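A short write-up of the structure that comes next.
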Amino acid sequence: MAVEYAHRFQHEYGLIWQVAAGDAATLTAEFAELASLLRVRELIDRSDPVAQVHAALAARPDQWLLVLDNVTAPESIRRSLPPAGRGHVLISTQYAHWPATQAVEVPVLEQAVASRFLQVSAQDTDTDTADALAAELGSLPLALEQAAAYIQATGGSLRRYLDLLREQRVELLSRGRPWGYDKHVVSTWGLAFQELGRTDPQAITLLRLLACYAAEAIPIRLLLSGYERVREWGDAHVQRSIEALAVSPLAGDEAVAALRRHSLIGPPLEGRASIHRLVQAITVDQLPSAQRGHWRAAAAALLDAVLPEEPKQRHNWATFTTLLAHARATLPPESSGFQKAVAYLNASGDYATAMILQRQVLDSYLQRLGPDHPLTLTARSELARWTGRAGDPMGAAKQYAALLRTREQVLGNEHPETLTDQADLAYWTGQAGDPVTAREQLAALLTVQERVQGPEHPHTLTTRAHLARFTGRTGDAAAARDQYAALVPLRERALGPEHRHTLTSRAELAYWTGRAGDPAAARDQYAALLPLRERVQGPEHPSVLIARAELAFFTGQAGDPVAARDQLAALLPVQERVQGPEHPHTLATRSNLATWTGQAGDAVAARDQLAALLPLRQRVQGAEHPETLTDRADLARWTGRAGDPAAARNQLAALLPLRERVQGPDHPSTLATRENLLHWAKAADRSR
């Protein structure tokens, strides 16, 4: 980068000179060469080429640029810095403790750029392997250059180099001569490791510890604070080494400063530091194999010690957010700490990440315990649940259907876990677009649960809630409202007024109150519920986002379409960021935004929004999903209101037989479609 700067701005300088400043002897020789070039050796004391160059630079009328390359520390070049003259000094260095106003941290390359560099340098068009290799090398320019040099010298390929890197990392990174540079990755950092081993052994301790976590934003102080709570240490030597850092804040700060001095970690910020993944890998790989396990166990023990015990409590979520990446990198999937992380993701609403971690838990149990072990079955159930909540209800229903057969064989038809899986299968069947089957399954299950578990058992109450929901989804909103009205007091008594299930039942009561014909009451119930949900679950929890969407919907239903449109327009970008642009809840908000845009007076915009939404809805949820059918009906509606009654008629004519087959001829939505078809048919006739 220093050379590139000099190249781009060479027209501003009369003289540009690069000096190798890595050691004193080379530095003096470089200044002697520059003094000879400037023809000042005979003018001043020949024994001091640095002074000769300084005098010459001070006397020049034009600007000059002096590049001091690979400076080890400020004191090594203090005497060499020109005291006068119209020039600039540009320093490249691994030493990190420079004045903040003068230092510029040089980042690694963007991965796409690194991948392209590898493909061009190796003349290998394997993009996927280049991406993987760039990621494995952390996009570090020196490592990329070294890899390219090795591939060119051996006539190999990106795939072969990647395989070798994964098998023999340290040995491979000791080979390959980068063009124009006399060091490679291992030697560059190896010198720093050796010096720290002599002068700052506690820094080596910290480096080994940091090498066991994720590379970014490692909360050093927080992790070390767990030392006193670790009950078992796998190795006494490792314990004593960490103790020296943990018991003395100054020792920890000095270790951080030493690592930073050699650029082995990034700039510390608020007690957190980052470390390049290759530094981590080389640090671990250079340990004896037995020691690697001890350091990883110690890192895991410290992390587990600082993970909060109550992952569902919102005041603990900030700590889990800080530690999540490190838990994924350090803790085994079957550990209690890893599963606390999954529970936090569920409670905070990050179902997609919960699903990824739960898959790791399940794979671990399958390998260690087998497919029929109770823990394996529970892990399968949890994975199915997060699959549904992450936006794939059909996938969740299929997983529960497969799981239920095993549960019944292993535990019996009336075991509590079997009954829970039956409830979840029915729920996700309904969410996937079959509310009639869901209602029938839940009605049959409720009788068994009331007999086996009792009428006020939390699981029985959950089944009652699901039954009420899908009773409403099959077209009987008043019955759903009444069932939820009876359920809410039971849940408040059994679980408390601020339990998430109680809040969900209150939200459902509001929803079906509105659907049963009282939108103003629904709006008011949501308005009262929303602040409570935000306080308990956080402003971006999926349940809170749903409540915001429903508040907007019933605000429009109660007669204020402009406010409804504006509320949904503000909500949509939040949902797209938090839940993703293809999540069913995001799609529902887009649909409602179109509706209230039309109701606010812009039928053309409503038509266009629905026309853009419909292909996405069909791809994500299917052509026969009830929400897809609703969007088709709404598109016809706003197409007609935008001035094209014939197109509206044709759209509804195509929709009606589909609704009759999927939802039944007497479903309220089918009846509405039939009525609207007649309306737009007459309007089309009048317009001819």
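Values for this structure:
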quantity	calculated
The chain: calculated mean residue ellipticity at 222 nm from DSSP helix runs of at least 4, using -39500 (n - 2.57)	-22500 deg cm²/dmol
By average C-beta atoms within 10 angstrom, highest first, the peptides 77-85, 222-230	222-230, 77-85
Whether the stretch 488-601 is rounded, prolate or oblate, judged on the alpha carbon gyration tensor where a/c under 1.5 counts as rounded	oblate
Once the Cα gyration tensor of the stretch 225-365 is diagonalised, semi-axes √(5λ) in Å	27, 18, 16
Sorted peptide list for 560-566, 418-424, criterion being average Cβ within 10 angstrom, highest first	418-424, 560-566
Table column - 3J(HN,Hα) (Hz), the stretch 366-376, Karplus curve with 6.51, -1.76, 1.60, x for Gly and Pro	4, 6, 8, 10, x, x, 9, 5, x, 5, 5
Relative contact order, percent, the stretch 111-183 [alpha-carbon distance under 8 Å, six or more residues apart]	31 percent
Between 0 and 90°, nearest 10: helix 236-246 axis offset from the chain longest Cα axis	90 degrees
Sorted by Cβ density within 10 Å, fewest first, the residues Lys312, Lys682	Lys682, Lys312
Cα long-axis angle, helix 49-59 against the chain (0 to 90 degrees, to the nearest 10)	70 degrees
Sites matching GluC sites (Glu not before Pro) across the stretch 63-148 that sit in DSSP coil, with at most 12 neighbouring C-beta atoms within 10 Å	Glu105, Glu110
Long-range HN-HN contacts of Leu90 with modeled amide H, under 5 Å	Leu66, Val67, Leu68
Shape call, the stretch 627-688: gyration tensor on alpha carbons, a/c limit 1.5	prolate
Shape category assigned to the chain from the gyration tensor of Cα positions, a/c cut at 1.5	prolate
Protection proxy ranking, peptides 353-363, 527-537, 508-518, average beta carbon neighbours within 10 Å, highest first	508-518, 353-363, 527-537
Note, ³J(HN,Hα) from phi for the stretch 198-211, Karplus 6.51, -1.76, 1.60, rounded to Hz, x at Gly and Pro	7, 9, 9, x, 5, 5, 5, 4, 5, 4, 5, 5, 5, 5
Among beta bridges that DSSP assigns inside the chain, antiparallel share in %, nearest 5	20 percent
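Only the coordinates and a few stated rules stand behind these numbers; no lab work does. Given the structure is predicted, the values throughout are model-derived calculations rather than measurements. Cβ: placed from backbone, ideal geometry, glycine included. Neighbour counts: every protein chain shown.
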